[in-house]
Structures are given as C-alpha cells and as structure tokens.
1. Kindly report, to the nearest 10 Å², the accessible surface of D104 as traced by a 1.4 Å probe over protein heavy atoms only.
2. Which order do W65, W90 take by accessible area at a 1.4 Å probe, largest first?
3. Sort F5, F112 from largest to smallest accessible area, using a 1.4 Å probe on the heavy atoms of the protein chains.
4. What figure, in Å² to the nearest 10, do you get for the accessible area of L105 with a 1.4 Å probe and non-protein molecules left out?
5. Rounded to the nearest 10 Å², what accessible area does E67 have for a 1.4 Å probe in the complete protein model?
Amino acid sequence: MADVFGGGGAHADPAVALSRALTEAVQSRLSTISGLRDDIPADTYRERRVLIDLDLVPEARLRDWSEAAAREPAVDVSAGAAEQLDQLAWLVADMTGHQPLITDLSPAHGDFHVCRVIGPGLRHDSQGKFARPAAAPEVV
C-alpha cells in the first residue's frame with residue numbers, strides 16, 4: 001500500500017487553494033517515486049501504515065466539495081491583495097487569538113503578490129505524518 005502525501009495551497013478562492021494543494025501533494029509523491037532527492041529517508045521506501053477508521057473520527061470523514069468550501073471563512077476575492085491579506089489576518093486572529101505577523105514581499109512591478117506570514121503562538125505539529133483511512137480487508 002502506498003504512503004500518504006499531503007500538500008498545502010493558499011488562495012482566497014477555495015478552488016484555487018485546493019488545486020495548489022493537490023499539485024503539491026502530487027509533486028511530493030513523484031519526488032519520492034523518482035528517488036532523486038537525497039533528503040528522503042531510506043525508511044520511506046519500507047512498508048508502513050498508520051490506519052484510522054473514518055467512522056470513529058467524524059472530523060476525518062470525506063465531505064462534499066460544496067460543504068467543505070462553505071465552511072471556510074469568506075474573503076472578498078474582488079478586493080486588492082493588501083485588503084485580502086488584511087481580511088485573512090483578522091480571520092486568523094479571530095479564530096486563534098493570535099495576531100499573525102505579515103511581510104509583503106511583492107515585487108515592485110506588481111505582476112504577482114508574495115507575502116511571508118508568521119503565526120506567533122500557533123503550532124503545526126503534524127511533522128509530515130498523515131493518517132490514512134483503514135483499507136477494506138482483501139478478499140483472497
């Protein structure tokens with residue numbers, strides 16, 4: 001059974017964010033398949049599984065896209081980049097109680113926008129490990 005790969009994507013439009021996250025997950029999977037990166041540990045290629053029963057973990061259940069997108073806080077995608085960033089900063093502060101620190105790194109020509117966001121007091125501790133749904137037993 002294959003390992004599970006994940007990706008993250010940021011955009012005010014949930015469909016664009018999903019596309020970016022899926023692309024990153026595919027890139028991670030292909031990097032592992034190719035074996036070209038020297039920072040991938042050897043045990044990655046040994047069989048290991050972390051199984052979860054989706055019926056016992058309601059928040060891990062698969063949701064319809066419209067339901068998942070509707071849960072996300074709304075950001076005005078017609079607003080300029082600076083205003084969208086401000087809206088997102090307030091959403092993060094409201095949801096977590098921690099004000100993010102944001103640095104605008106956008107180039108002067110303005111063809112695209114880049115920012116660096118740091119979330120003091122916030123933790124991300126998945127350490128690159130993803131639970132996978134328990135597989136149905138194979139019929140022999």
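1. Estimated to the nearest 10 Å², D104 gives 100 Å².
2. Working: W65 115, W90 140 Å².
Per-residue accessible area, sorted high to low, gives W90, W65.
3. If we order F5, F112 from most to least accessible, we get F112, F5.
4. Accessible surface of L105 is approximately 100 Å².
5. 70 Å²
The values are calculated or read from the model by the stated rules, or taken from the named source; none is laboratory data. Remember, predicted model here, so these are calculated numbers, not experimental data. All accessible areas refer to the heavy atoms of the entire protein, side chains included, with ligands and DNA or RNA removed. Shrake-Rupley method; radii C 1.70, N 1.55, O 1.52, S 1.80 Å.
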